[in-house]
Amino acid sequence: MQPSQNPSRANLAGWLYVSPLVLVLVPFFVAPILVVLAASFFATDGFGGLTPGFTLASYFEVLHSALTLKLYLATIKFTVLTWAFTLIIGFFVAYFLVFHVRNQLLAIGLFLLCTVPFWTSNIIRMISWIPLLGKEGLINQALLATGVIRQPLEVLLFSDLAVVIAYVHQLTIFMIVPIFNSMARIDKKLIEAAIDAGASRFDIMRLIVVPMSKSGIALGTIFVVSIVMGDFFVVKVMSGGGSASVVSAFYEDVGVLQYPTAAASAVLLTLVLVAIISLILRTVDIRQEITR
Amino acid sequence: MSAVLADMPETESSKPVAPATTKAIAPSTGGRPWTFYVLATLFAAYVIALYGPMFCIYILSFQDIRGGLVFPMKGHSLHWFVDLFTQARTGDVKGSFDRSIKLAVIVTIITVVVSFLAGLGFRRRFRGDTFVFYMMIGSLVAPGLVLGLGTGLLFQALGLDAAWYTSALGAQLSWTLPFGVLVMFAVMSRFNHVWEEAAYDLGASRWQSIRLVMIPVLAPGLVAVALFGFTLSYDEFARSLQTAGSLNTLPLEIWSMTLNVTSPSLYALGTVTTIVSFIVIGASLGTIVLLQKKRGSRAKG
């Protein structure tokens, strides 16, 4: 494509182009991860001071704590629930936009309508559930007024339900976009051929649409899983302090300057996250998918 | 989001009228299948759930001094907006707002330039490209709070002061750059290499072909990258928490308000920051459409 094509020059040119990216990622991604890894082996005086050394004490503490298991179970519960809801809603919203909206400009307009909140503050979008879900919120008011309930429901806000609602509200977009992208690439002639050959609606879904949207589903899953597992803010605020996740416990640890325990827990979480994501990556070549 | 933004040229210029018949999954007998109505209802419900709560707090922020956190609405006034910027107990909203905007502008500029260059680099394979790619994905999926803590500790260990324009800037770039590069991938995959080759055939240097061919052609995509850079930085919270130093950015201010302010001031702040977001989104999308229009008319005439 370009004048010079000998391999070493191509390597040099490639690295020159990505060098600014690398120059940011090394100090602000690689180095911090290494610092956290190092801190997990350090000892602490309990006041935020770190003593360089090598001890596995923090790992023993984290692994032997009954709390750890509870935190992971809670985190996995939130992750699975959020994943399932965002996948179902995201898949069918994308399906609707790609296959049912006949005017392409309208489809893009509706798609943008779905994406606009992504560019606004997550914190504000989460707080915005308070007037709806609160004890005196709109939903309770409506249910009381229609006589469905006599006492206001307290499980709506500051509960696990509220946490999942906030996650689904924020993260469905991460499913819609990649699934929409892979669905939009499905050749409509393929589906017409299937219809001509006598395939039912269900067959088309099962044999064409789902398999061909797999890479989008995988990408969306990576986003949703990594965000939910790395979140502490939604859990903290929407559960009213009643629930905790791995990272919210990490946040508390940092708050009381227990850096080594926090770091050990973060390293464990990172390993779990890496395992899950590599499992997903085995089903899809993400780079191929993105650059295609 | 990115791919669709980048898709807009084709739909607008080369396909003025989208053929309706090939879109529908059912044979084009004219009527809609029952699934259309079910999914249309689902879609409408989703959009209402997406925007409904946000509009609730915008409306509630315009209450008067008696206002509370829930409906019904008590009076109408701008009391809570004035309160927001004048009361000391709500913290330094003005200052943090100012810092957030400045930081977002710096992040946007760096994100656009670095993502564009990386996008150029990733077009061809080079030794180690997969490593750089996965480093970027890692930076994207890593828990923000953990990265922020690592950055904070690193600065501490090096004896540097954490500040919004140093450590928080870097921490935010570790979040905006992967998004920017992913958007560039989508944009680049639609770039026709023939144009670039033509430029070389006509004797253009590498820099000339970038400046005179690639940047103008890719301009709408670069605006999309800028949109990501600005909004992701402006709303970034987890990575800034341990890295912003003593002076807060706006999301950090909102976070501390959620913990100790229980008045509609909080909603007023939500309304103000969302207005800023909407202005940025509107300006970006408007610019993209304008660029496409200009290009469309030039191509035709």
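The values are calculated or read from the model by the stated rules, or taken from the named source; none is laboratory data. Bear in mind that the values here come from a model prediction, so they are computed numbers and not experimental data. Glycine gets a Cβ as well: all are built from the backbone with ideal geometry, and neighbour counts include every protein chain shown.
Results, tabulated for the structure shown:
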read-out: Selection status of B:F85, under 28 Å from A:F41 (Cβ atoms), surrounded by fewer than 17 Cβ atoms within 10 Å (Cβ to Cβ) and at pLDDT below 95; value: no
read-out: Answer from A:Y95, A:Y17, A:Y72 - the residue that is more than 30 Å from B:A157 (Cα to Cα), among the hydroxyl-bearing types (S, T, Y) and in contact with a Gly (Cβ under 9 Å, 6 or more places away or on another chain); value: A:Y17
read-out: Residue count, the range B:224-281 (criterion: more than 11 Å from the chain's Cα centre (by Cα) and either closer than 29 Å to A:A262 by Cα or acidic (D, E) (or both)); value: 25
read-out: One residue from A:F60, A:F28 being of a type in the set (F, W, Y) and over 28 Å from the mean Cα position of the chain (by Cα); value: A:F60
read-out: Of all residues in the range A:178-224 being aliphatic (A, V, I, L, M) and part of a loop (DSSP other than H, G, I, E, B), the one that is farthest from A:I280 (Cα to Cα); value: A:A197
read-out: Among (1) over 22 Å from B:V107 (Cβ atoms); (2) of a type outside the set (G, A, S); (3) over 25 Å from the mean Cα position of the chain (by Cα) - the single one B:F155 does not satisfy; value: (1)
read-out: Condition broken by B:Q63, with the remaining ones in (1) away from chain A (no Cβ under 12 Å); (2) modelled with pLDDT under 90; (3) crowded, with 20+ Cβ neighbours inside 10 Å satisfied; value: (1)
read-out: The listed residue being more than 7 Å from chain B (Cβ to nearest Cβ), under 18 Å from B:C56 (Cα atoms) and not basic (K, R), out of A:A162, A:A145; value: A:A162
read-out: The range B:143-191: number of residues that are buried (at least 20 other Cβ atoms within 10 Å of the Cβ), outside any helix (DSSP H, G or I) and at the interface with another protein chain (Cβ under 7 Å from one of its Cβ atoms); value: 1
read-out: Of the criteria (1) touching a helix residue (DSSP H, G or I) at 6+ places or on another chain (Cβ under 8 Å); (2) within 21 Å of B:T262 (Cα to Cα), which one A:T172 fails; value: (2)
read-out: Qualifying positions in the range A:91-137 - outside any helix (DSSP H, G or I) and over 11 Å from B:M54 (Cα atoms); value: A:V101, A:R102, A:N103, A:G134, A:K135, A:E136, A:G137
read-out: Candidates B:S263, B:S246, B:S240, filtered to the one that is more than 11 Å from chain A (Cβ to nearest Cβ), in a loop (DSSP other than H, G, I, E, B), closer than 19 Å to B:T176 by Cα and hydroxyl-bearing (S, T, Y); value: B:S240
read-out: Residues of the range B:254-272 satisfying the condition of being over 15 Å from B:H79 (Cβ atoms), surrounded by 19 or more Cβ atoms within 10 Å (Cβ to Cβ) and either touching a residue at least 40 places away in the same chain (Cβ under 8 Å) or in contact with a Cys (Cβ under 8 Å, 6 or more places away or on another chain) (or both); value: B:M257, B:G270
read-out: Which listed residue, of A:S226, A:S159, A:S200, is farther than 26 Å from A:Q104 by Cβ, surrounded by fewer than 17 Cβ atoms within 10 Å (Cβ to Cβ) and not hydrophobic (A, V, I, L, M, F, W, C); value: A:S200
read-out: Qualifying residue in the range A:8-25 (condition: under 30 Å from A:K214 (Cβ atoms), touching a helix residue (DSSP H, G or I) at 6+ places or on another chain (Cβ under 7 Å) and among the β-branched types (V, I, T)); value: yes
read-out: Number of the condition not met by A:E252 [criteria: (1) more than 30 Å from B:F191 (Cα to Cα); (2) in contact (Cβ under 8 Å) with a residue 12 or more places away in the chain; (3) of a type in the set (D, E, K, R)]; value: (2)
read-out: Those residues of the range A:96-114 which are of a type outside the set (A, V, I, L, M, F, W, C) and buried (at least 18 other Cβ atoms within 10 Å of the Cβ), in sequence order; value: A:H100, A:Q104
